[in-house]
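Peer 1: Dumping the structure here so I can ask a few things about it.
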Amino acid sequence: TVCYGNDTSKFPSDSLFAAAGDGIWDNGAACGRKYLVKCISGTEPGACVSDEVIQVTIVDYANTSGPSNYHGSSTMVLSATAFGLIANSTADTISIEFKQKIFGGRTRSKKYCKAKEKEEKDGELNDREEMALHTSKGIWMARCAGIETLAIVADLQGTDGRE
């Protein structure tokens, strides 16, 4: 794949994976991202499995432009296993609703609040506590009891790999 070459260990063992189209590819930053996906309509009535939501991992790029445009304007091309869980066997093409799954928000917020509380009380932090004040990926918020300010933390990754 474009993301992992021939390394099949990066594929989820449940075969719930997808290729990202141009809309979510983000110059390859989509590799490894996880999305919650639900079928919302199809080319024919009854195409979707009602209320079924799956989690897929992006493992490849779906070429959605150029002369070899096989996937049309698809935002995401699902594996056969993933497609089969949210769409009926007669479905050919479906429309999906999806949301990127962000991990660690609640845990990260708790660690952040503990570190901020200690910093306000003691005026300094050890290395581990200092790391709790930095996010590893994404955008998240923390509201800490006893601390008036609301923290909105953003970790923006540049296309050149630098933050």
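The values are calculated or read from the model by the stated rules, or taken from the named source; none is laboratory data. As the structure is a computational prediction, the values presented were derived from the model and not from experiment. With ideal geometry, Cβ positions are generated from the backbone for all residues, glycine too; neighbour counts draw on all protein chains shown. The area values use the complete protein model at the heavy-atom level, side chains included, leaving out ligands, DNA and RNA. Shrake-Rupley method; radii C 1.70, N 1.55, O 1.52, S 1.80 Å.
Peer 1: When only residues in the range 15-33 that are within 20 Å of A87 (Cα to Cα) and small (G, A, S) count, which is most open to solvent (accessible area, probe 1.4 Å)?
Peer 2: S15
Peer 1: For the range 72-81, check the following and say yes or no: at least one residue is buried (at least 17 other Cβ atoms within 10 Å of the Cβ), touching a residue at least 60 places away in the same chain (Cβ under 8 Å) and under 20 Å from the mean Cα position of the chain (by Cα).
Peer 2: Yes.
Peer 1: Let me ask you something else. Looking only at the range 87-103, how many residues end up being closer than 22 Å to A30 by Cα and of a type in the set (V, I, T)?
Peer 2: Of the residues in the range 87-103, 3 are closer than 22 Å to A30 by Cα and of a type in the set (V, I, T).
Peer 1: Could you tell me whether any residue of the range 1-14 is in a strand (DSSP E or B) and over 17 Å from A80 (Cβ atoms)?
Peer 2: no
Peer 1: Considering only residues that are open to solvent by 50 Å² or more (accessible area, probe 1.4 Å), closer than 10 Å to L85 by Cα and not in a strand (DSSP E or B), which ones fall in the range 34-63?
Peer 2: Across the range 34-63, the qualifying residue is only E52.
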